[in-house]
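Participant: Pasting in a structure now, in structure tokens, and then I'll have a few things to ask.
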Amino acid sequence: MSWVSELARREIVTLAGYPAAAWEPELTRLHANELPWRNPGDDSHAGLNRYPEPQPHALIERLASLYQVPRARLLATRGSDEAIDLLVRAFCRAGRDAILVCPPTFGMYAVAARIQGACVCSVPLRAEEEFALDEEAVLAACTPQVKIVFLCSPNNPTGNLLESEAMLRIARQLAGRALVVVDEAYVEFSPRASLARHLDRYPNLCVLRTLSKAHGLAGARCGSLLADAEVVRLLAKVIPPYAITQLTVEAVLRLLEPAQLNATGLRVAQIRAERERIAQAVARLPGVRRVWASAANFILAQFADASLALARARAAQLLVRDMRAHPELPGALRVTIGTASQNARLLRAWAA
Ligand SMILES: *Cc1c(COP(=O)(O)O)cnc(C)c1O
């Protein structure tokens with residue numbers, strides 16, 4: 001038996017999966033109980049009266065080329081949030097297995113685990129060392145119950161990159177024992193190349209990518225899981241058969257043309273420049289204790305009086321994110337980098 005079928009939940013390994021209506025676009029569809037007519041005003045390419053193609057071939061091809069992996073290593077999901085959920089559901093038995101997270105980090109890993117009834121094992125990042133990964137503590141905490149280690153780099157909400165070599169060493173140490181999932185939602189804003197280029201050598205490594213951040217397509221809900229082909233095949237049985245809507249498929253294909261990707265590169269460069277400017281400006285404000293270096297499209301800052309800073313932002317009609325629920329982040333607020341004029345408005349509100 002393969003390491004994937006040893007590691008995954010037995011019920012999922014043996015699950016047949018739903019036999020979706022066959023996708024043969026050259027034939028007339030009298031097999032899926034759809035209406036034969038489009039609605040007036042339906043200007044989609046395929047017609048919204050039709051079910052979309054499961055894991056649409058053209059979409060998978062486009063995403064695989066964007067992320068430079070073979071098609072068999074990519075599962076398209078409704079945002080990377082869905083990939084997180086699928087991983088936990090397929091690999092963690094309720095009441096028995098666990099995931100490992102390194103707080104302060106993205107909250108969805110723990111939420112997905114709790115929904116599934118899996119335990120959450122926490123190994124904090126080293127706050128005193130710019131939130132570096134505690135590699136030895138992670139490995140020491142990986143009991144046989146831990147099936148998935150979630151690492152987020154650049155990390156949300158602290159903004160720092162985790163050391164690539166440390167993540168790969170963890171993957172190597174846990175080979176055959178647990179998946180190491182590296183969430184790269186913000187990697188486009190960082191100087192770092194994706195760890196997906198190491199998938200061949202680290203079969204238990206999974207990488208999460210999303211179109212929601214750098215590509216400006218949060219509303220389309222389109223994420224990608226990059227992983228061993230057997231992990232992809234297993235999760236393809238768990239994801240609902242028509243998960244990716246036709247509207248998303250058509251929008252993504254249209255908006256990921258080479259000209260668009262060029263424009264994305266320019267916008268990312270603009271956000272990075274603005275991030276450095278805003279980080280310095282916020283650090284100089286009265287009442288700001290500290291601003292952490294960020295490789296993402298947000299900054300994290302610690303305030304002497306975070307409630308006052310929140311209230312002042314709101315009075316200027318601006319929302320920033322309160323991070324004080326993380327015990328490691330007293331007085332911390334997370335600010336997404338906006339346009340130059342939005343950022344200027346925030347700085348004015350806080351300078352007052
Ligand atoms: C925003 C975010 C995501 C979720 O992205 P979707 O693809 O929109 O679901 C995943 N991970 C992290 C760390 C994020 O901040």
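Participant: Does region 128-142 contain at least one residue that is at pLDDT 95 or above, over 20 Å from residue 164 (Cβ atoms) and touching a helix residue (DSSP H, G or I) at 6+ places or on another chain (Cβ under 8 Å)?
Facilitator: No, every residue in region 128-142 fails to be at pLDDT 95 or above, over 20 Å from residue 164 (Cβ atoms) and touching a helix residue (DSSP H, G or I) at 6+ places or on another chain (Cβ under 8 Å).
Participant: What residue, of 75, 66, is surrounded by fewer than 19 Cβ atoms within 10 Å (Cβ to Cβ), within 16 Å of the ligand (Cβ to nearest atom) and outside any loop (DSSP other than H, G, I, E, B)?
Facilitator: 66
Participant: I'm trying to understand the selection: among the residues of region 83-132, which are in a helix (DSSP H, G or I), open to solvent by 30 Å² or more (accessible area, probe 1.4 Å) and either in contact (Cβ under 8 Å) with a residue 40 or more places away in the chain or under 26 Å from residue 243 (Cβ atoms) (or both)?
Facilitator: Residues satisfying the conditions are 85, 89, 108, 111, 114, 115, 116, 127.
Participant: Looking only at region 295-311, count every residue that is in a loop (DSSP other than H, G, I, E, B) and open to solvent by 20 Å² or more (accessible area, probe 1.4 Å) and tell me the total.
Facilitator: 3
Participant: Condition (residue is out of contact with any Leu (no Cβ under 9 Å at 6 or more places or on another chain), within 16 Å of the ligand (Cβ to nearest atom) and either part of a loop (DSSP other than H, G, I, E, B) or of a type outside the set (Asp, Glu) (or both)) applied to region 139-153: is it met by at least one residue?
Facilitator: Among the residues of region 139-153, not one is out of contact with any Leu (no Cβ under 9 Å at 6 or more places or on another chain), within 16 Å of the ligand (Cβ to nearest atom) and either part of a loop (DSSP other than H, G, I, E, B) or of a type outside the set (Asp, Glu) (or both), which makes the answer no.
Participant: Within region 108-130, track down each residue that is under 19 Å from the mean Cα position of the chain (by Cα) and under 14 Å from residue 329 (Cα atoms).
Facilitator: Selection gives 125 alone.
Participant: Name the single residue that is nearest to residue 257 (Cα to Cα) among those in region 41-63 being exposed (fewer than 15 other Cβ atoms within 10 Å of the Cβ) and not small (Gly, Ala, Ser).
Facilitator: 61
Participant: Quick one: residue 275 ticks every box in (1) among the basic types (Lys, Arg); (2) crowded, with 22+ Cβ neighbours inside 10 Å; (3) in the same structural domain as residue 132 (by TED's automatic domain parsing) except a single one, so which number is it?
Facilitator: (3)
Participant: Would you please name the residue that is most open to solvent (accessible area, probe 1.4 Å), looking only at residues in region 204-247 that are within 12 Å of the ligand (Cβ to nearest atom) and part of a helix (DSSP H, G or I)?
Facilitator: Selected residue: 219.
Participant: Turning to a different aspect of this structure: Six or more apart or on different chains, Cβ under 9 Å: which pairs go from a residue in region 182-211 that's in the same structural domain as residue 270 (by TED's automatic domain parsing) and touching a residue at least 60 places away in the same chain (Cβ under 8 Å) to one that's open to solvent by less than 10 Å² (accessible area, probe 1.4 Å) and outside any loop (DSSP other than H, G, I, E, B)? Could you list them?
Facilitator: Final answer for the pair search is none.
Participant: Could you list, in sequence order, the residues of region 160-184 that are open to solvent by less than 10 Å² (accessible area, probe 1.4 Å), within 13 Å of the ligand (Cβ to nearest atom) and over 14 Å from the mean Cα position of the chain (by Cα)?
Facilitator: 162 - this is the single residue of region 160-184 that is open to solvent by less than 10 Å² (accessible area, probe 1.4 Å), within 13 Å of the ligand (Cβ to nearest atom) and over 14 Å from the mean Cα position of the chain (by Cα).
The values are calculated or read from the model by the stated rules, or taken from the named source; none is laboratory data. Being a predicted model, the structure only gives us computed values, none of them experimental. Here Cβ is always computed from backbone atoms with ideal geometry, including for glycine, and neighbour counts include all displayed protein chains. Accessible surface areas use protein heavy atoms only, side chains included; no ligands, DNA or RNA. Shrake-Rupley method; radii C 1.70, N 1.55, O 1.52, S 1.80 Å.
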